[in-house]
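Student: Here you go, one structure.
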Amino acid sequence: MFTGIIEGKGRVVRIEYRGAGKRITIEFPSHLTEVQLGDSISVNGVCLTVFEKKDKELTFDLSGETLEKSLLGKLRVEDWVNLERALRLSDRLGGHFVTGHVDGIGIITERKREREFIQLKIKVPKHILRYLVPKGSIAVDGISLTVNEVQGDEISLMLIPYTLEKTTLIDKNTGDHLNLEADLLGKYIERLISPSHNKREGIDLSFLKEHGFLKGDEPSRG
């Protein structure tokens, strides 16, 4: 589990093909210490396991599914990636819960500078849109960001100077693709209120009225 608060940027130094998968080696910044074999690391929003550690280099195996579902297969030597170590129970939760399992790929449709800020518009796949609301959270290449607006199949994000300095988004332009992960809480809520869920344990309008979340005369909505 991660928070979407990027700890540093790493540089891809080696890529090896392994059948349907790949093995990728990343040079880590020196301040990211306490990384051990078997640790989980978010690389551009994808949860990977440390396979090998040598000096400042960490190596990860990428499965065929990871290459298919994310943009990690598009990485080249010398590319920079966003890095975050797994959340510890004693850590502050500065962003939101991020699992490191990419839901889909978005594309930047507009990039506009507003003084020291940058506004991005991203086209989002339909199956992710249903989890997005204004002022809600989304992970973009592993970065926890706030959704400013949802218009049609696009979302609007405002990047602050700190985010631009600490992440790879400073180099992204219109037409570039990004790994997207919707907020986990929205997925659980959808599951709980789904008609296909076990009605004895699910949440419906009757449950919400019974527990005081809705008034008794609250009109139902189709």
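Every read-out reported here was derived from the displayed coordinates using simple, explicitly stated rules and does not represent laboratory data. Note that this is a predicted model, so its numbers are computed, not measured. Glycine gets a Cβ as well: all are built from the backbone with ideal geometry, and neighbour counts include every protein chain shown.
Student: Pulled fully out, how much extra length does the chain show between Tyr17 and Arg92, if you take 0.36 nm times their separation in residues and subtract their Cα-Cα distance?
Tutor: Gain in length upon complete extension: 23.2 nm.
Student: For the range 8-85, what are Rg and Dmax over the alpha carbons, in angstrom?
Tutor: In Å, with Rg to one decimal and Dmax whole: 11.3, 34.
Student: How would you rank 1-9, 127-135, highest first, on the average number of other Cβ atoms within 10 Å across their residues? Before the final figure, lay out each step's value.
Tutor: Working: 1-9: 20.3, 127-135: 14.2.
Result, highest mean first: 1-9, 127-135.
Student: A further question follows. I need to check one value: relative contact order of the range 1-55, counting alpha carbon pairs closer than 8 Å and at least 6 residues apart, in percent.
Tutor: 25
Student: Averaging sequence separations of C-alpha pairs under 8 Å and six or more residues apart, then dividing by the length of the chain, give the relative contact order as a whole percent.
Tutor: Relative contact order of the chain: 21 percent.
Student: Using 0.36 nm per residue, how much length does the chain from Asp39 to Arg113 gain when fully extended, once their Cα-Cα distance is taken away? Don't skip to the end; give the middle numbers.
Tutor: Values: separation 74, 0.36 × 74 = 26.64 nm, distance 3.74 nm.
Between Asp39 and Arg113, full extension yields 22.9 nm more.
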